[in-house]
Amino acid sequence: MTTITTRSPGRPRDPAMGQRVRHAACRVYGRHGWSGFSIDAVAREAGVGKASIYLRWPDRRTLLIDSLVTTLVTVEDVDTGSLPGDLREIVTHHMRYYFGDLKAAAFRMATEASMTPELRETWDTWRASQVHAARSTVRRGIDRGELRPGTSVTLLLDTLLGGALMHALVAPAVMDADGIDELAASLVDFVLAAADS
């Protein structure tokens, strides 16, 4: 008996294509915003055909939201066992966006997404998840006795993450991983010392 093996015509699907397109979508969005975002522009940026993009994403909104969520938006329950460790992880997470190769998309999302009807729901969901995760982290530290019971969770986080954002806006455009870690530790130590004084 002879076994005949058939294969679909054409080249096999490139497993790295999805990631390449998502990164390209973030770069295009970072440079041009929603008004300048198109499948054509992403295809040129990624070096792929439009047909390959449409096989995975039916329209530009779906492509951009998927790209932002999978590439930029990562909400994790941080629990290193100590509040300083947890806060350093949170600050480092944000700083990697601010100084990474997709920083323009991160800044654009933070400033524009809430005013763009097509993106607002995704932005609001992400923001609510980030706020909830960060506040839970600080409250856990209060419960463990690492902060005084009357500490303002909102003020502490506003100071910490606002400081990280301000530094990213005025600092040199490039910062390596060691620099980000050092900055995160310095910010956390300073804010916790102030909260405990």
Counting pairs of alpha carbon atoms under 8 Å apart in space and at least six apart in sequence, what relative contact order in percent does the chain give? 23 percent
Obtain the radius of gyration and the Kirkwood radius of the chain from its C-alpha atoms and give Rg over Rh. 1.10
Relative contact order of segment 59-123, pairs being alpha-carbon contacts under 8 Å that are 6 or more residues apart, as %: 28 percent
Shape category assigned to segment 86-182 from the gyration tensor of Cα positions, a/c cut at 1.5: oblate
Accessible surface ranking that places the most exposed of D66, D79 first, with a 1.4 angstrom probe: D79, D66
To the nearest 500 deg cm²/dmol, what mean residue ellipticity at 222 nm is calculated for the chain from DSSP H runs of n ≥ 4 alone, each contributing -39,500 (n - 2.57), summed and divided by the residues? -22000 deg cm²/dmol
Leaving ligands, DNA and RNA out of it, work out the accessible area of S197 with a 1.4 Å probe and give it in Å² to the nearest 10. 100 Å²
Expressed as a percent, the accessible surface of the chain that is carbon or sulfur, using a 1.4 Å probe and the full set of protein chains, is 55 percent
Please get the size of the charge dipole for segment 50-112, origin at its Cα centre, with Cβ charges of +1 on Lys and Arg and -1 on Asp and Glu, quoted in debye to the nearest 20. 480 debye
Can you pull the one-decimal nm distance between simple spin-label points at A185 and R139, each 7 Å off the Cα toward Cβ? 3.1 nm
Return, for the Cα atoms of segment 104-160, the radius of gyration and Dmax in Å, separated by a comma. 14.6, 43
Note down the magnitude of the dipole of the chain about its Cα centre, charges +1 on Lys and Arg C-beta and -1 on Asp and Glu C-beta and zero elsewhere, to the nearest 20 debye. 1020 debye
Would you mind working out the accessible area per residue for segment 48-197, using a 1.4 Å probe, and quoting it in Å²? 54 Å²
Taking only protein heavy atoms and a 1.4 Å probe, the highest-to-lowest accessible-area order of K103, K50 is K50, K103
Just the accessible area for M166, please: 1.4 Å probe, Å², rounded to the nearest 10? 110 Å²
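The values are calculated or read from the model by the stated rules, or taken from the named source; none is laboratory data. Please read these numbers as outputs of a predicted model, since none were measured by experiment. Counting neighbours? That spans all protein chains shown, and the Cβs are built from the backbone with ideal geometry, glycine included. Quick note on the areas: whole protein, heavy atoms, side chains included, nothing else; ligands and nucleic acids left out. Shrake-Rupley method; radii C 1.70, N 1.55, O 1.52, S 1.80 Å.
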